[in-house]
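The structure appears right after this line, and notes come after that.
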Amino acid sequence: VTEQVVEAGRREERRPVPPRPSRRRRRWLRRLRSWGPGLLLVAPSLVALGIFVYGFAGWNLKISLSSSRNLLLRNDFVGAVNYRQLLSDETFRNDVRNLLVFTVVFIGGSLIIGFLLALLLDKGARGESVFRSVYLLPMAISFIATGIIWRWLLDSSTGESTAGINKLFAYLGLESIRSDWHKTPNMWAIAFIAIPAGWALSGYVMALFLAGLRGIPEELREAARVDGANEPRVYWHVVRPLLVPVLMSAVVILTHISLKTFDLLYAIAPLDARTETPALYMWYTTFRGGFVARGAAIATMLFVVVALVIVPYIWYSIRSERRR
Amino acid sequence: MLRSRRGILAATAAAMLFAVTACGDDGADSGSGQSGDKEVEVFSWWSGPGEAEGLAALISEFEKQNSGVKFVNAAVAGGSGTQARQVLTTRLAGGQPPDSYQLHAGQEAASDIKDGRLEDITALYDKNGWRDKFPKGLIDAITVDGKLYTVPVNIHRSNLLWYSPNKLKEWGIAAPPKTWAEFLTQAETLKGKGVKPLSVGTTWTQMHLMENVLLGELGASKYTGLWNGSTDWAGADVVAALGTFTKVMAVAEATTADWQPEAKKVLDGTVAYNVMGDWYDAYAGRDQKKVYGIDYAAAPTPGSDGIYNFLSDSFTLPKGAPHRTAAEKWLELCGSVQGQDLFNPQKGSIPARTDADKTKYTGYLASALGDWQNSSTTIVGSLVHGVVANNAWKSEMEKAYGVFAQDKDAAKFAGAVKSAYNSVGK
């Protein structure tokens, strides 16, 4: 809407001298009538967004360039000191590596599982709507609750205090595949947190793909079959290209969820360096240590990275919507 | 698509406006500092078994003494105040302090005092004659530039090793270890019998273990020196003590649970030892219905016999407290013999006052009170529980500990703690 306003304004400026003021006003009034109500309707949200999102993001950037600590915010400017310190901070580098591992495993797993579920349901399973709800339901549970359940399921105690999934393994006589899960002493520890994250969101990916599959007209597939294509070729040459936009949405949505994930990690393993990500580091350093400027610097970096993922996507979808 | 997006935006805006107006409503009844306060809001992290009952006993006494004042219990769950602090920081930064909030006595209060968030309550001490009622060592630890800001309610001991006497006998171990080296020897015996020697949980419980390994290996005076700069963190003895800690961690069963599930493993007999503060006693005795001396018992952590690694919960008066008179009444109750004797037997801690009624403390608490008041006991302060390091240094240590727990590089950890001390610890 803002773009329309700006464009309208620009067109107005480019116009040379208007023929008659009254006609100009009438034209203006007509324009106002067409976009005025819409603007009025979104004005509160524009103001709220301006203040609470962009205003605060700017405020956050300002703090990240200051030497603020504890509750007293200092109004000074120290340049990119906090950013430089973070880049040479081993904890922060570990956190970034953890986040990368988490994101790759989580997105890969959710896409594969979600797509397979969608394929199976698309083939016309009996009681499809029941399955659809069952797979989608985990997304309705908050990440905090999911985390608390999975903290127990992924318990790594041994001997008599064995619990959770390991206990199930023991019960089935599969003790050999018991796992330390996210307590595994190497960099893949955080990959196990992708299990609950994937559990929560692969149903959502399934719904996206299922909608995509259902959106493909049956005629297209039939036409391919008439032309002698077997089922795999139908999927590869007809279905696959038509699912690319769905795949893109799924990847973008999952990426930004992954980058921002805080509650799930915090509920499963608080203050554990093996499963710490920049989002958690930001929280600890700000609220436990009072390093407000450092926390703001981490927040700004996260904001920029999320924007790098989201903005091209929004730009792309706005363009393709206009083309339509 | 566009149309529905507009609808969502509008709905969001409406919701936001509603939230903003709703926020503006509270605080209307704040009679800043006037007598005749209608309520008092006290912020704490006392919500677990034992501590919640202790707080409830204090609340009912407070409401009896101050009829017409409503007590608002703003407790945030989470051991050692790890969750509460974040909620509190947000409220203080937003200029909406509670009437009184809980803090560990000592350096944890330092940044709040420096930022001008706390009222000087020295006058309250003089009015109630508290200076002679608390031990001098404690008064010294909580005095900042000659002024007092906190009222200590209780004393806890951090350096305790909990075990089950019967189980220990069953496993062929005569007595709990006197040194950490002896502990590691016992650990081998225990492992041979299929028993995990030690249980430890989330990071703060690991650091709790670490501070007591340092105390046991370095002794009281070097340990105290770690916090005031007189012991060199990068020194060979400290690095060696940290090396012992990594060996202890290697034989321990480490999870990410809070302290209670780990404590329970000792009571269940699946793990031999657990290093935890004496709040263990209230959990085991009251919550798990076990008997001290039979089902479970405590010894000083290895190498810390005759040393009392203390911590203390205390209450404060924040600047701008909306109900100041009622808050002062609350602090007076916290500092009184009556208040301390109501609270502590429930919480499983001993009173900070020296003139409390000794007959109210039985079992473990009787021996703890005896140790605390014994003049030959050496008193040192706890790191994890806020006595010896300010929040900034402590959080940098937690951060460094995260790296240490992974790479087990004691020298690097010591170096990181030392440089953090130089930049923010002093």
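The values are calculated or read from the model by the stated rules, or taken from the named source; none is laboratory data. If you're wondering where the values come from, they're calculated on a predicted model, not measured in any experiment. Cβ: placed from backbone, ideal geometry, glycine included. Neighbour counts: every protein chain shown.
Overview of results
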quantity: Scope region A:270-292; condition in contact with a Gly (Cβ under 9 Å, 6 or more places away or on another chain) and more than 7 Å from chain B (Cβ to nearest Cβ); matching residues; calculated: A:Tyr281, A:Met282, A:Trp283, A:Thr286
quantity: Qualifying residue in region A:88-108 (condition: out of contact with any strand residue (DSSP E or B) (no Cβ under 8 Å at 6 or more places or on another chain), assigned to a loop (DSSP other than H, G, I, E, B) and within 30 Å of B:Ala93 (Cβ to Cβ)); calculated: yes
quantity: Subset tally (residues that are assigned to a helix (DSSP H, G or I), closer than 18 Å to B:Trp330 by Cα and touching a residue at least 12 places away in the same chain (Cβ under 8 Å)) for region B:120-153; calculated: 5
quantity: Test: residue in region A:180-198 that is assigned to a loop (DSSP other than H, G, I, E, B), modelled with pLDDT of 90 or more and under 24 Å from B:Ala405 (Cα atoms); calculated: no
quantity: All positions within region A:65-87 that are outside any loop (DSSP other than H, G, I, E, B) and basic (Lys, Arg); calculated: A:Arg69, A:Arg84
quantity: Residue in region A:208-216 that is touching a Lys or Arg at 6+ places or on another chain (Cβ under 9 Å) and more than 14 Å from chain B (Cβ to nearest Cβ) present; calculated: yes
quantity: Residues within region B:135-153 that are buried (at least 23 other Cβ atoms within 10 Å of the Cβ) and closer than 17 Å to B:Asn374 by Cα, tallied; calculated: 0
quantity: Filter result (outside any helix (DSSP H, G or I), surrounded by 13 or more Cβ atoms within 10 Å (Cβ to Cβ) and either free of Cβ contacts under 8 Å to residues at least 40 places away in the same chain or within 14 Å of chain B (Cβ to nearest Cβ) (or both)) within region A:126-157; calculated: A:Leu154, A:Asp155, A:Ser156, A:Ser157
quantity: Verdict on A:Arg240 being free of Cβ contacts under 8 Å to residues at least 60 places away in the same chain and either away from chain B (no Cβ under 14 Å) or in a helix (DSSP H, G or I) (or both); calculated: yes
quantity: Some residue of region A:155-163 being in contact with an Asp or Glu (Cβ under 9 Å, 6 or more places away or on another chain) and modelled with pLDDT of 90 or more; calculated: no
quantity: Matching residues in region B:283-319 - criterion: being over 19 Å from B:Ala220 (Cβ atoms) and among the hydroxyl-bearing types (Ser, Thr, Tyr); calculated: B:Tyr283, B:Tyr292, B:Tyr296, B:Ser314, B:Thr316
quantity: Count of region B:379-415 residues which are under 16 Å from the mean Cα position of the chain (by Cα) and either part of a loop (DSSP other than H, G, I, E, B) or within 9 Å of chain A (Cβ to nearest Cβ) (or both); calculated: 13
quantity: Flag if A:Asp122 is at pLDDT below 90 and away from every other protein chain (no Cβ under 14 Å); calculated: yes
quantity: Residues of region A:102-122 classified as buried (at least 18 other Cβ atoms within 10 Å of the Cβ) and closer than 20 Å to A:Val309 by Cβ, total; calculated: 9
quantity: Check on A:Ala229, more than 14 Å from chain B (Cβ to nearest Cβ), part of a loop (DSSP other than H, G, I, E, B) and surrounded by 15 or more Cβ atoms within 10 Å (Cβ to Cβ); calculated: yes
quantity: Residue match in region A:207-223 (condition: more than 31 Å from the chain's Cα centre (by Cα) and buried (at least 16 other Cβ atoms within 10 Å of the Cβ)); calculated: yes
quantity: Of the criteria (1) loosely packed, with under 13 Cβ neighbours inside 10 Å; (2) touching a residue at least 24 places away in the same chain (Cβ under 8 Å); (3) more than 14 Å from every other protein chain (Cβ to nearest Cβ), which one A:Ala194 fails; calculated: (1)
quantity: Residues of region A:51-103 classified as under 30 Å from A:Phe192 (Cα atoms) and without any contact (Cβ under 8 Å) to a residue 24 or more places away in the chain, total; calculated: 6
quantity: Filter result for A:Phe92 (out of contact with any Leu (no Cβ under 6 Å at 6 or more places or on another chain) and surrounded by 14 or more Cβ atoms within 10 Å (Cβ to Cβ)); calculated: no
quantity: First in region A:158-185 and within 14 Å of chain B (Cβ to nearest Cβ) and surrounded by fewer than 13 Cβ atoms within 10 Å (Cβ to Cβ), second anywhere and part of a loop (DSSP other than H, G, I, E, B) and small (Gly, Ala, Ser), Cβ under 6 Å, 6 or more apart; calculated: none
quantity: Filtered residues of region B:217-246 (kept if hydroxyl-bearing (Ser, Thr, Tyr), within 23 Å of B:Lys412 (Cα to Cα) and part of a helix (DSSP H, G or I)); calculated: B:Tyr223, B:Thr224, B:Thr244, B:Thr246
quantity: Helices (runs of 4 or more DSSP H) within region B:29-119 that include 2 or more residues in contact with a helix residue (DSSP H, G or I) (Cβ under 6 Å, 6 or more places away or on another chain) and modelled with pLDDT under 85; calculated: B:84-93
quantity: Test: residue in region A:248-266 that is within 14 Å of chain B (Cβ to nearest Cβ) and either of a type in the set (Phe, Trp, Tyr) or not in a helix (DSSP H, G or I) (or both); calculated: yes
quantity: Region B:247-269, residues that are part of a helix (DSSP H, G or I), in contact (Cβ under 8 Å) with a residue 40 or more places away in the chain, within 10 Å of chain A (Cβ to nearest Cβ) and surrounded by fewer than 20 Cβ atoms within 10 Å (Cβ to Cβ); calculated: B:Pro261
quantity: Members of region B:329-378 that are in a helix (DSSP H, G or I), of a type in the set (Ser, Thr, Tyr) and closer than 24 Å to B:Leu161 by Cβ; calculated: B:Tyr364, B:Ser367
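For every residue, the table says whether it meets (1) surrounded by 19 or more Cβ atoms within 10 Å (Cβ to Cβ); (2) farther than 22 Å from B:Phe404 by Cβ; (3) away from chain A (no Cβ under 14 Å); (4) touching a residue at least 24 places away in the same chain (Cβ under 8 Å).
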{"residue": "B:Trp162", "(1), (2), (3), (4)": "yes, yes, yes, yes"}
{"residue": "B:Phe183", "(1), (2), (3), (4)": "yes, no, yes, yes"}
{"residue": "B:Val195", "(1), (2), (3), (4)": "yes, yes, no, yes"}
{"residue": "B:Val200", "(1), (2), (3), (4)": "yes, no, no, yes"}
{"residue": "B:Thr205", "(1), (2), (3), (4)": "yes, no, no, yes"}
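Table: residues versus (1) at pLDDT below 85; (2) of a type in the set (S, T, N, Q); (3) in a helix (DSSP H, G or I); (4) over 30 Å from B:Arg91 (Cβ atoms).
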{"position": "A:Glu12", "(1), (2), (3), (4)": "yes, no, yes, yes"}
{"position": "A:Gly36", "(1), (2), (3), (4)": "no, no, yes, yes"}
{"position": "A:Ala43", "(1), (2), (3), (4)": "no, no, yes, yes"}
{"position": "A:Ile51", "(1), (2), (3), (4)": "no, no, yes, no"}
{"position": "A:Trp59", "(1), (2), (3), (4)": "no, no, yes, no"}
